[in-house]
Amino acid sequence: MNLNIIGYLIYLSLTSVIIIKVGKLCYDNGNIFVSQLIPNHEELCLQINKTLLIGYYLLNLGYCAMTIISWEKIQTRNQLIEIIATKSAIIILTIGFMHYINIILLTKYIKKLI
């Protein structure tokens, strides 16, 4: 079987699990954070948190799928592991970066919106 197809399946499975787990964790804990920024607006906080989660899933899963186009032809199993590790690391770093950007934007601009 073609190693690229095996790599795609492993990569998409691994990164999808990571993205979904991190998204669920941020969603569960994010509502408390957002509700402290916007007191007495529980419904608004819940909707903001849901919107952030949907945007997070769409952006990360879409980026994950788009990175497959840039893969070179995989010749060996070692190369397969290296590519999966590198691409997964990029996704994890992107998730971390986006998380901190969201926190900065929310804390800086949420008071101006209300």
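The values are calculated or read from the model by the stated rules, or taken from the named source; none is laboratory data. Quick caveat, the model's predicted, so the values are computed rather than measured. FYI the Cβ positions are ideal-geometry reconstructions off the backbone, even for glycines, and counts take in every protein chain you see. SASA here: full protein model, heavy atoms, side chains in, ligands and nucleic acids out. Shrake-Rupley method; radii C 1.70, N 1.55, O 1.52, S 1.80 Å.
What number comes out for accessible area per residue over the chain if the probe is 1.4 Å? Units Å², please.
On the way: 7660 Å² over 114 residues.
Computed with neighbouring chains in place, this is 67 Å² per residue.
Heavy atoms only, probe 1.4 Å: what % of the accessible area of the chain goes to carbon and sulfur, would you let me know? Intermediate results must be reported in sequence, preceding the final value.
Numbers: 5350 of 7660 Å².
Roughly 70 percent of what the probe reaches on the chain is carbon or sulfur.
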*Which distance in nm do the two modelled labels at ASN4 and THR86 give, with both placed 7 Å along the Cα-to-Cβ direction?*
1.6 nm
*Which angle between 0 and 90 degrees, to the nearest 10, do you get for helix 3-37 versus the longest principal axis of the chain when only C-alpha atoms count?*
10 degrees
*Share of pairwise Cα separations in the chain, more than 23 Å, in percent*: 40 percent
*asked:* Can you tell me the orientation of helix 77-113 relative to the chain, as the angle in degrees between its alpha-carbon axis and the longest Cα principal axis, to the nearest 10?
replied: 10 degrees
